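**Q** Below is one structure. I have some questions about it.
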Amino acid sequence: MSAQTDISGKEFDGFSVEIDETSKRGDIILDRGDYNTIAMCQRDQLRAAFEALDRDDRVRVIVLRAVGKHFSSGGYIRGFLEASPEHVSKLADNVAAPARCEKPVIAANRGYCFGVGFEISLACDFRIASETVQYALPEQKLGQIPGSGGSARLQKIIGITRTKDIVMRSRRISAEQALAWGIATEVVPDGELEAATDALVAELVTFSPIAQRTAKKLLNQTEDATLSIAIELEGYCYSRLRQSDDFREGVEAFHEKRAPVFTGR
């Protein structure tokens, strides 16, 4: 059930939350020094923030962005040695919070986007990248592997050969390469990152909320399905949406040559 649990202004570890009711967006803003390192306890709080924004009926789109020149250089490394094995085993579940959100989630990336910073961006639906972006999973340099879903998500996007090149060599990927490989949704000049993010938010809020929720869930759940099963599930979802008020409104607006007014029902 939707709610208006206002978490904007609340104090978090290494980030803040803002809600803009006019734009129908909720922003999670990384803010920890020059490199926005992500602490262990911060991951639990990030998960809670995503879940709260997903429940808030004032928010249609969630944006993950950062203060400064770098999105995030990754996790606070010493924290891995201090954390219990049980805590570490849950890291991927926390970082997957953007993917579990029913609402669209945009990552606005610039500068370093390493380790968990890259992994949580991969869990988002859209990645708008500044031309300054460098993506990397550098864990091999620490005698480790990505532990929050990074290698698994990346392999789904770019295939095993390119993923091995990035993971096993701790290779940095430029914005241009990320766009060519399908990692980035869009690449823009650094000074235009905020405007490009604003434009995507403004576009997404014009669509039917129920149609967007359905599309995201269908695409996520059929990623590993066979073609025949994916087509069958798509048909079920299509049939279900035909009964919605939003679909009726969309059809009527099309014939009346006006902008539709969707209500999410």
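Please treat every number below as a calculation from the coordinates, not as lab data. Here the structure is a predicted model, which means the values were calculated and not measured. No Cβ is skipped: glycine too gets one built from the backbone with ideal geometry, and neighbour counts run over all protein chains shown.
**Q** Springs between alpha-carbon pairs under 10 angstrom, Gaussian network model over the chain: which of Arg25, Arg242, Arg43 fluctuates most?
**A** The residue with the greatest mean-square fluctuation here is Arg242.
**Q** Further question on the same structure: In Å, what is the Rg of the alpha-carbon atoms in segment 160-203, and how long is Dmax?
**A** Rg then Dmax for segment 160-203, in Å: 13.4, 39.
**Q** Does anyone have the angle between helix 193-204 and the longest principal axis of the chain? Alpha-carbon axes, 0 to 90°, nearest 10?
**A** In the chain, helix 193-204 runs at an angle near 30 degrees to the longest axis.
**Q** Classify segment 15-204: rounded, prolate or oblate, from the alpha-carbon gyration tensor (a ≥ b ≥ c, eigenvalue square roots; a/c under 1.5 rounded; otherwise prolate if a/b is larger than b/c)?
**A** oblate
**Q** Tell me the angle of helix 209-221 to the major Cα principal axis of the chain, expressed in degrees between 0 and 90 and rounded to the nearest ten.
**A** Roughly 50 degrees between the two axes.
**Q** State which entries of Lys103/Lys217; Lys69/Lys164; Lys156/Lys216 exceed 20 angstrom in Cα-Cα distance in the structure shown.
**A** Correct reply: Lys69/Lys164.
**Q** Rounded to the nearest 5, what % of DSSP beta bridges with both residues in segment 15-204 are antiparallel?
**A** Bridges in segment 15-204 are about 30 percent antiparallel.
**Q** Which one of Lys156, Lys216, Lys103 has the biggest mean-square fluctuation once the chain is modelled by GNM with Cα springs under 10 Å?
**A** Lys156
**Q** Can you tell me which of 221-227, 126-132 comes out highest on packing, and rank the rest after it, using the mean Cβ neighbours within 10 Å?
**A** Descending mean neighbour count gives 126-132, 221-227.
**Q** Run lengths n ≥ 4 of DSSP H only: what is the helix-derived mean residue ellipticity at 222 nm for the chain, with -39500 (n - 2.57) per run over all residues, to the nearest 500?
**A** Helix contribution divided over all residues of the chain: -12500 deg cm²/dmol.
**Q** Shape verdict for segment 156-265, please, from the Cα gyration tensor: rounded (a/c under 1.5), prolate (a/b greater than b/c) or oblate.
**A** oblate
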